[in-house]
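Asks: Here it is: the structure, laid out below.
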Amino acid sequence: MAINEPLNRKLRMALVGGGRGSFIGAVHATAAVLDNRAALVAGALSSNPERSKASAPDYDIADDRAYGSVHELVEKESAMPEDQRVDFVSVATPNHTHFEIAKTAAEAGFNVICDKPMTFDLAQAEELGQVVDSSGVVFAVSHNYTGYPLVRQAREMILSGELGEIQAIRSSYIQGWLRTRLEDGDHKQAAWRTDPTKSGAAGCFGDIATHAYNLGRYMTGLLPAEISCHLRTFEEGRALDDYGTAVVKMENGGLGTVTASQISHGRENDLSIEIDGTKGSLKWRQENPNEMMVRQNGEPHKIYTRDPNAPFMNQSGASACRLPSGHPEAFFEAFANVYRSAYDAMCQRASGSEFEKTDTVYPNVNDGIEGMYFIQQCVASSEQDGAWLPLKHDRARR
């Protein structure tokens, strides 16, 4: 029996953010309905009620369910009959608004899928974790790169011991779009990402290094111990970092590095990771997501391709695929895999069943807290000229 059968219906979604001019809101809306397991029926698409109403037709949201704020959304949806109100709220707004939106939704009993970083700072993240614990809702964080089939293939290979003991992780996320001061012009995405009052304590490291760090944690399960970080702002006058590198000591004695840039000419979304184990190593790159290199000394290099029917694919990798081999799957499908995994838990909750809250396939609230701790400790270490600081949070999973 499929996990979502007891509901015998689609999950009902509300989107917060995603009004005209938004990039990530449209991604959430597309990914959420890709597998036909959810329908977008409500939203607070802008903090401006008129703009929210104007954006509603873009998502086929009825005018009477296009709200002016998350508070109005929660109040009116909560008053609806149970068979009509939304099941979950997706948060696709700038960082500084995540906490209030997610907290309001969770306290009202609505499941939440929140964009990353989860909150503005660590204190908010820890408080939100307590709200999620007490409310019992499903809470997912859209570290969407964890949804790629070959990332999940690699994760199962590593956790089952195929690569041996993991000793080194090298992850990087390199972009070039902020090489110039786009934030000084009419560039909405650059403006809020470089503004400390909206982005938080870090710029580049909060925006994309969190993805690189999370990917290493997700794929290997290694627990961090300490971190030393150097952040730089190379574009003169910018308020937040646009480049940085960190070294992470793992509890097992391994070492990890995280490098992120938004000022490297010609680079787009070059997220890549290399992992070295005692039995083998692998490399995966987001801009070529359907191939993964696996190497062992004395043997030919192996290129794993995304093929759900191949005998070399494990269950985690194969189940994340939607298409036969040779048909590329990428960003939207990976994003949708995070949603799909969270939907399984939402359906279990809706049917009154117990669901896993910690060791989940999708990134959960604990991963969100750990991401905020990573940002905090990177900034603090850099301010102390790369001092070694603790990195393992009490809620770090695995």
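The values are calculated or read from the model by the stated rules, or taken from the named source; none is laboratory data. This one's a predicted model, so the numbers in the text were calculated from it and none came from an experiment. Cβ sites come from the backbone with ideal geometry, for glycine too, and all protein chains shown count toward neighbours.
Asks: Do we find that Gly266 is at pLDDT 95 or above and either under 25 Å from Ala154 (Cα atoms) or touching a Phe, Trp or Tyr at 6+ places or on another chain (Cβ under 6 Å) (or both) in this structure?
Replies: No; evaluated as a whole, the condition is false for this residue.
Asks: Are any of the residues in the stretch 386-397 acidic (Asp, Glu) and buried (at least 17 other Cβ atoms within 10 Å of the Cβ)?
Replies: no
Asks: Follow-up. Quick one: is Lys103 of a type in the set (Lys, Arg), modelled with pLDDT of 95 or more, surrounded by fewer than 19 Cβ atoms within 10 Å (Cβ to Cβ) and at negative phi?
Replies: Criteria not met by Lys103.
Asks: Another one. Touching a residue at least 12 places away in the same chain (Cβ under 8 Å), crowded, with 18+ Cβ neighbours inside 10 Å and farther than 22 Å from Arg285 by Cα: does that describe Cys321?
Replies: For Cys321, the condition - touching a residue at least 12 places away in the same chain (Cβ under 8 Å), crowded, with 18+ Cβ neighbours inside 10 Å and farther than 22 Å from Arg285 by Cα - is not met.
Asks: In the stretch 277-293, what residues are surrounded by 14 or more Cβ atoms within 10 Å (Cβ to Cβ), touching a residue at least 60 places away in the same chain (Cβ under 8 Å) and closer than 20 Å to Tyr145 by Cα?
Replies: Within the stretch 277-293, Ser281, Leu282, Trp284, Gln286, Pro289, Asn290, Met292 meet the criteria.
Asks: Do any residues in the stretch 106-131 that are crowded, with 21+ Cβ neighbours inside 10 Å have Cβ atoms under 8 Å from those of residues that are among the basic types (Lys, Arg) and assigned to a helix (DSSP H, G or I), where the two are at least six apart or on different chains, and which pairs are they?
Replies: Note: pairs meeting the criteria are Asn111/Arg349; Leu128/Lys103.
Asks: Something else: Out of the stretch 329-353, which residues are out of contact with any helix residue (DSSP H, G or I) (no Cβ under 7 Å at 6 or more places or on another chain) and polar (S, T, N, Q)?
Replies: Within the stretch 329-353, Ser341, Gln348, Ser351, Ser353 qualify.
Asks: To continue, here is another question. With Ser171, Ser160 as the choices, which residue is more than 20 Å from the chain's Cα centre (by Cα), closer than 29 Å to Lys357 by Cα and hydroxyl-bearing (Ser, Thr, Tyr)?
Replies: Ser160
Asks: Could you figure out which of (1) surrounded by 15 or more Cβ atoms within 10 Å (Cβ to Cβ); (2) closer than 20 Å to Leu223 by Cα; (3) out of contact with any Cys (no Cβ under 9 Å at 6 or more places or on another chain) isn't true of Met346?
Replies: Status for Met346: all satisfied but (2).
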